[in-house]
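Report on the following structure.
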Amino acid sequence: MATTDKEKTKKLRQDVAPFAKSDTAKSIFQMVNTIVPLIALWVAGYMLVDVSPWLTAGLSVISAGFVVRTFIIFHDCTHGSFFKSKKANDWVGLFTGVLTSFPYEKWKREHTIHHATSSNLDKRGIGDIDMMTVEEYLQASKGQRLWYRFYRNPFVMFGLGPLFMVLILNRFNRKDAKQKERFNTHLTNLIIGGICVALIYFMGWQAFLLVQGVTLFIAGSLGIWLFYIQHTYEDSYFEHDSEWDYVKAAVEGSSYYKLPKLLQWATGNIGFHHVHHLAPRVPNYNLEKAHDEIPPLHNATTITLRTSLESLRYKLYDEEQGKFVSFKDIPEIIKRKARGSLAA
């Protein structure tokens, strides 16, 4: 069986390899149909703010979708999959990082770690959403439990989360960051700071908040939601390091978020997250094709807009049952453990 599993794994990675090729024409076209409309919407928002703040706010909501799509371009650049040229990926990554408020080198390193440790219970903490197992939660102090409940509250995660991400998390490097990463973060912060000062000076802080503030807040909330739902669903795969498997983590620990075509376009096909985790060098415009043409990938957990809302109640991972549970399930789990202890 072990040999068969290895052969299946090897075959699956071989099957997806042909899709891990960038197409310069497609990449440039995607930049044109994403970044040009985004900037046009921002310009229109500033021009219309005196006519109707509500109209400007409406344009900012639409802009948020284009920011998410721009982030997918940024994301592909961090994987070196958007262009064949490393320099092209780096320069476009810096540019789109400024537009989305993400430092390129910092996020590239942390996201690489995320891919190498996704669904690994022994290697959590970098590039992922904090998660406790049931056992960890039961052993935690009251203060730690209270903080975790606060952190996992949807209003905190999707409301305060974007503010924390844009204003704090993306602005500072980790202690172990190398000089190149630190320089890139400082450069990104300097460029963003200069743009913000200029916009506030010429357009006013109210208009700035209505255009840039609303756009980035909504885009940030959507981004956190996408990241959350792609790894937080009832039967998601998690294992300790000794049993952890890269392919299983990709196909069983990442969801296929089946979205309506318009939302799929706005999110740059990132709903095919199982394909992306299996082969990060597949550019976003090849993800759907890879999924459609490789039958084993159809076995990934499929989540729709409606069923994805159920994941909001999943807070803890129960290792014994191999699934996510809610805080409300804790009393029953404690009873189950007590019965198990008595039986033993």
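The table that follows gives values for the structure above.
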read-out: Of all accessible heavy-atom area on region 1-122, the percent that carbon and sulfur account for (1.4 Å); value: 70 percent
read-out: The chain: most fluctuating residue of S85, S308, S118 per GNM, C-alpha cutoff 10 Å; value: S85
read-out: GNM top mover of D318, D241, D76 - the chain, alpha-carbon springs below 10 Å; value: D241
read-out: Packing-based order for 211-224, 29-42, using average beta carbon neighbours within 10 Å, highest first; value: 211-224, 29-42
read-out: Peptide ranges 7-19, 226-238 listed from the most packed, as the mean C-beta count within 10 angstrom indicates; value: 226-238, 7-19
read-out: Those aspartates and glutamates that a straight Cα-Cα span of less than 16 Å connects to K108, excepting residues fewer than 8 apart in one chain; value: D76, D90, D128, D176, E181
read-out: Percent of alpha-carbon pairs separated by more than 20 Å within region 286-344; value: 51 percent
read-out: Extension gain, K180 back to K26 (0.36 nm per residue minus Cα-Cα distance, nm); value: 52.5 nm
read-out: Farthest toward positive dipole pole in region 243-336 [+1 Lys/Arg, -1 Asp/Glu at C-beta], among A249, H277, L263; value: L263
read-out: Total formal charge among the other residues, if their Cβ is under 11 angstrom from that of E234, Lys/Arg +1 and Asp/Glu -1; value: -1
read-out: Cβ-derived FRET efficiency at R0 41 Å, E136 paired with K87, nearest 0.05; value: 0.40
read-out: Protection proxy ranking, peptides 125-133, 61-69, 108-116, 198-206, average beta carbon neighbours within 10 Å, highest first; value: 61-69, 108-116, 125-133, 198-206
read-out: The chain, Rg to Rh (Cα coordinates; Rh as Kirkwood inverse mean 1/r); value: 0.99
read-out: Per residue solvent-accessible surface (Å²) - region 71-189, probe of 1.4 Å; value: 51 Å²
read-out: Listed residue pairs exceeding 26 Å between alpha carbons, taken from K315/K337; K11/K178; K10/K289; K10/K175; value: K11/K178; K10/K175
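The values are calculated or read from the model by the stated rules, or taken from the named source; none is laboratory data. Keep in mind the model is a prediction, meaning the values are calculated, not measured. Every residue, glycine among them, receives a Cβ derived from its backbone with ideal geometry; neighbour counts consider all protein chains shown. SASA here: full protein model, heavy atoms, side chains in, ligands and nucleic acids out. Shrake-Rupley method; radii C 1.70, N 1.55, O 1.52, S 1.80 Å.
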